[in-house]
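The values are calculated or read from the model by the stated rules, or taken from the named source; none is laboratory data. In this text the structure is predicted, and so the values were computed from the model without any measurement. Cβ placement follows ideal geometry from the backbone for every residue including glycine, while neighbour counts extend to all protein chains displayed. Note: areas computed on protein heavy atoms with side chains; ligands, DNA, RNA excluded. Shrake-Rupley method; radii C 1.70, N 1.55, O 1.52, S 1.80 Å.
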Amino acid sequence: MGDPPLDLNNIQGDSLVGLLKKTETFTFFQIGDVKAFKLLLTLLLPFVTTAEQALANRHQVEHHKKGGGTGLIKLPSLNIAFSHFGFQKLGIDDKSLTVDTAFKSGQLADAFNLGDDGKGDPAHFDPEWDPAFKEQIHGVIISAGDSDETLKDTISKIEHHQSSLSGLAMTVVKSINGTVRPGKEKGHEHFGFLDGISNPLIIGFTKNPPPPGPKPVPAGILLTGRDGDEFKAKRELWSTDGSYLVFRYLFQKVPEFHNFLDENPVKLPGLTKEDGSKLFGARLVGRWPSGVPVGLAPWRDDPHVIENDPDKTNLNDFLYVAEQGFPKICPFTAHNRKTNPRNDLPEDIDAKCRIMRRGVQFGPEVQPDEKKEKKTLHGRGLLFACYQSNIVNGFQFVQTQWANDPDFITEGAGIDFIIGQGRGENFASGFNPRDPQEQIQRPGKFVVPDGGEYFFTPSLSGLKHIAES
Ligand code: N7H
């Protein structure tokens, strides 16, 4: 028998739909008095944004824009997730979730495996992380909205309830705020590329027929206890329709990255040095800053790809072209291709590793002093967040077995220069279309992890179970 239809009123909004945000705060907390915390959770339950509400918020904004509305609508959102240590502290038996070994160990214990920088052997590894992420983190509250005002309102509601419980329920370990970039950079991450284009389409949720591009995946790739979840049989009622959340605090070396592009222009007849540097950037990512994939515009950006395509579906309607040996069009090491190889792999294997990305940028725009010195002087980057029903097959696999592995997709291809971590190989190939096997060295990491944790985002009924247990 197939799964029952998705209950959008029972699924937290960020995983399936995505919370609307101009600004978003991740509040990492430790539980204090367990009884007080469960009361706090009960008080917060009515404010938790469901998938249904997140969809309604999106429709409201579309309607507002179509009606010629200007300005932003006040739309607060709130989601909540727990680490394995949080469930332990609460006395919740989470054995139906710790079947995922990454979730069970937590991200600090996984830092060596992920390739993060640090000291010591694997058994005593001490990553170079923000000390807050070396504390035990029990959970995270995600609050999102259209403005700082809206966020402040949500946070003061939480603080009000927390103080009504004499401040006993929890303590904040760290709070990080992210904001969408300003003006025409909206939607672009700090290196300058449009982000949030390719996420898995979910069977039973995406419209039918689906938009062109990669086929929809079973709901169990994202949600626990659904068809496609490897551990479906092990999930209990309360741990069904949730999703594991991976959070990574990723700093980006933006001036250094742009200097690297300037110094390594792709040399092709008819391309200026500036064009060659832009092409190098596009080949590192697999897309142009506009989001156009290099497969559809190999040598120059081509805005015509999305002409007459208001939903920009063309941006995701592509497969990697079959080319003998090392490809000339899109390098094997391009970030896009490394993290979702599409038709380079059998469909079911690729689908198993898909992740739903929901990050937001943090930190200021690059400042004049940084441009001058070609050096990062002010911290900025991505509050990377992604959802999946299995961290081992999802984020952990993509980072360690694909991005960091110089022999994936083929022997000697090199690492993903954007996110690749590790302490060994630091080369990648594929950038010179006339000699795609030519390797170049990365001068240092452009994305530097500074902490993170593995969480589980329960369904609404799961949250009630936790509050009432
Ligand atoms: Fe990536 N970037 O600017 O280069 N990412 N990413 N990512 N990423 C994507 O297709 C970026 C990170 C994936 O389906 C785009 O939506 C940066 C981590 C996956 O074709 C851009 C950082 C992991 C995809 C970036 C970062 C991934 C993807 C193109 C860190 C997982 C979809 C826009 C600061 C371990 C691939 C788009 C597909 C796309 C960038 C992190 C995974 C521009 C700067 C840690 C699966």
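Within 11 Å, Cβ to Cβ, of F326, how many net charges do the neighbouring residues add up to if Lys/Arg are +1 and Asp/Glu are -1? Please report the intermediate quantities before stating the final value.
Values: positive: K328; negative: E323, E411, D435, E438.
That works out to -3.
Fully extended, how many nm does the chain gain between T410 and D262 (0.36 nm per residue separation, minus their Cα-Cα distance)?
Details: separation 148, 0.36 × 148 = 53.28 nm, distance 2.78 nm.
Length gained between T410 and D262: 50.5 nm.
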- Derived scalar couplings ³J(HN,Hα) [the stretch 262-273; Karplus, 6.51 cos²θ - 1.76 cosθ + 1.60; whole Hz; x for Gly, Pro]: 4, 7, 10, x, 6, 9, 9, x, x, 9, 6, 4
- Query: How do 100-113, 118-131, 331-344 rank on mean C-beta neighbours within 10 Å, highest first?
  - Reply: 331-344, 100-113, 118-131
- Message: For a Förster distance of 45 Å, can you work out the FRET efficiency between the beta-carbons of K66 and A123, rounded to the nearest 0.05?
- Response: 0.20
- Work out from phi, with θ = phi - 60° and the Karplus expression 6.51 cos²θ - 1.76 cosθ + 1.60, the ³J(HN,Hα) of each residue of the stretch 37-42, listed in order in whole Hz, and give x for Gly and Pro. 5, 5, 5, 4, 4, 4
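Hey, what's the stretch 354-416 come to in accessible area per residue, 1.4 Å probe, Å²? Intermediate values should be presented prior to the final figure.
Details: 2380 Å² over 63 residues.
Result: 38 Å² per residue.
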- Message: I'd like the carbon and sulfur percentage of the solvent accessible area for the stretch 269-341, probe radius 1.4 Å, heavy atoms only, ligands and nucleic acids excluded.
- Response: 55
- Query: Of K89/K174; K35/K134; K312/K464; K174/K278; K184/K374; K66/K184, which sit over 28 Å apart, Cα to Cα?
  - Reply: K312/K464; K174/K278
- Message: Residue by residue through the stretch 377-388, what is 3J(HN,Hα) from phi via Karplus (6.51 cos²θ - 1.76 cosθ + 1.60, θ = phi - 60°)? Round to whole Hz and write x for glycine and proline.
- Response: 10, 10, x, 8, x, 10, 7, 6, 9, 9, 10, 6
- Task: Once you have a ≥ b ≥ c as the square roots of the Cα gyration tensor eigenvalues for the stretch 69-124, tell me rounded if a/c is under 1.5, and otherwise prolate or oblate according to whether a/b is larger than b/c.
- Result: oblate
- Per residue value of the accessible surface for the stretch 200-324 (all protein chains in place, 1.4 Å probe), Å²: 47
- Task: Would you be so kind as to identify which of Q441, P127, G270 lies farthest towards the positive end of the dipole of the chain, taking Lys and Arg as +1 and Asp and Glu as -1 on Cβ and the Cα centre as origin?
- Result: G270
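Give me the 1.4 Å probe accessible area per residue for the stretch 1-91, excluding ligands and nucleic acids, in Å².
Details: 4140 Å² over 91 residues.
Accessible surface, normalised per residue, equals 46 Å².
Add +1 for every Lys or Arg and -1 for every Asp or Glu among the other residues with Cβ under 15 Å from the Cβ of G32, and state the total. Before the final figure, lay out the partial values.
Details: positive: K35, K38, K89; negative: D33, E135, E159.
It works out to a net charge of 0.
According to the Cα gyration tensor, what semi-axes, each the square root of 5 times an eigenvalue, does the equivalent ellipsoid of the stretch 324-447 have, listed from largest to smallest in whole Å?
Details: eigenvalues 136, 94, 28 Å².
The answer is 26, 22, 12 Å, longest axis first.
So for the stretch 372-436, what are the equivalent ellipsoid semi-axes in whole Å, largest first, each being the square root of 5 times an eigenvalue of the Cα gyration tensor? Spell out each step's value before the answer.
Working: eigenvalues 104, 101, 21 Å².
Its equivalent ellipsoid spans semi-axes of 23, 22, 10 Å.
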- Note on the structure: Taking every alpha carbon pair in the stretch 177-266 and sorting the distances into 5 angstrom bins from 0 up to the bin holding the longest one, the percent per bin comes out as 3, 11, 13, 14, 13, 14, 13, 9, 7, 3, 1, 0
- Can you give me the Cα centroid spacing of the stretch 392-443 and the stretch 273-331 in angstrom? 19
- Query: How large, in percent, is the carbon and sulfur part of the accessible surface of the stretch 14-142 at a probe radius of 1.4 Å?
  - Reply: 55
- Item | Angstrom value of the Kirkwood radius, inverse mean 1/r, which spans all Cα pairs in the chain | 23.1
- Relative contact order of the stretch 113-250 (C-alpha contacts under 8 Å, at least 6 apart) in percent is 9
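What number, in percent, do you get for the relative contact order of the chain if the mean sequence gap of Cα pairs under 8 Å and at least 6 apart is divided by its residue count? Numbers along the way, then the final one.
Values: 980 pairs, mean separation 106.5, N = 469.
Answer for the chain is 23 percent.
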